[in-house]
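Asker: Have a look at this one before I ask anything.
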Amino acid sequence: MNPLNDLKLLIVEHSGLAKDALHIYVALAVFITACLLFKWKAWEWKPVLLVLAVAVTGEIFDMRYNQLRENDPFVRSSLHDIWNTLLVPLIIFTAARYSHIFQRLTRDSGDQTEV
């Protein structure tokens with residue numbers, strides 16, 4: 001058995017989330033935690049690359065498990081999962097980098113500063 005796959009199935013079973021939704025929540029948790037823990041900004045590539053690394057690592061485990069269990073690594077499914085995992089962090093990254101929605105007003109002067 002694959003402990004990672006068992007954990008995913010347990011979370012899906014008890015949370016009522018679909019596996020695709022689980023990918024999105026994990027991606028957001030990794031992205032936001034990386035920004036907070038390492039003091040990275042959402043407009044930097046580093047948190048997106050970390051989400052990519054986590055997604056690829058998870059899919060390597062899934063492909064290995066699928067190859068052993070089904071004799072097929074389900075590569076297309078894994079590529080879909082990686083894209084699904086990266087989509088929301090990429091949207092946040094793009095919004096932070098190319099818009100002003102992540103700026104806030106300072107209390108003293110009313111000037112905008114980046115968060």
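The values are calculated or read from the model by the stated rules, or taken from the named source; none is laboratory data. If you're wondering where the values come from, they're calculated on a predicted model, not measured in any experiment. So basically every Cβ, Gly included, is an ideal-geometry build from the backbone, and we count neighbours across all protein chains shown.
Asker: What are the residues in the stretch 1-33 that are part of a helix (DSSP H, G or I), of a type in the set (S, T, N, Q) and at pLDDT below 95, if any?
Answerer: 5, 15, listed by residue number.
Asker: Could I ask something else about it? Do you know which of the residues in the stretch 52-102 that are surrounded by 14 or more Cβ atoms within 10 Å (Cβ to Cβ) and outside any helix (DSSP H, G or I) is modelled with the highest pLDDT?
Answerer: 74
Asker: Please indicate, with yes or no, whether at least one residue in the stretch 49-67 is farther than 19 Å from residue 5 by Cα and within 15 Å of the chain's Cα centre (by Cα).
Answerer: Checked the stretch 49-67: at least one residue is farther than 19 Å from residue 5 by Cα and within 15 Å of the chain's Cα centre (by Cα).
Asker: Now for a separate question. Identify, by number, the condition in (1) closer than 17 Å to residue 9 by Cα; (2) part of a loop (DSSP other than H, G, I, E, B); (3) of a type in the set (Phe, Trp, Tyr) that residue 43 doesn't meet.
Answerer: That leaves (1) as the condition not met.
Asker: Of all residues being touching a Leu at 6+ places or on another chain (Cβ under 9 Å) and not small (Gly, Ala, Ser) in the stretch 34-45, which is farthest from residue 102 (Cα to Cα)? Just the residue, please.
Answerer: Here the answer is 38.
Asker: Now, a different point. May I ask you to verify whether residue 36 is in a helix (DSSP H, G or I), at pLDDT 95 or above and over 9 Å from the mean Cα position of the chain (by Cα)?
Answerer: yes
Asker: Out of the residues in the stretch 30-45 that are touching a helix residue (DSSP H, G or I) at 6+ places or on another chain (Cβ under 7 Å), free of Cβ contacts under 8 Å to residues at least 60 places away in the same chain and of a type outside the set (Phe, Trp, Tyr), which is farthest from residue 64 (Cα to Cα)?
Answerer: Checking each candidate, the answer is 35.
Asker: Please identify the pairs in which a residue from the stretch 1-29 that is closer than 24 Å to residue 93 by Cβ has its Cβ atom under 8 Å from the Cβ atom of a residue that is assigned to a helix (DSSP H, G or I) and polar (S, T, N, Q), counting only partners at least 6 apart or on another chain.
Answerer: Going by the 8 Å Cβ cut-off, the qualifying pairs are 20/84; 22/15; 23/84; 23/85; 24/84; 24/85; 26/85; 27/85.
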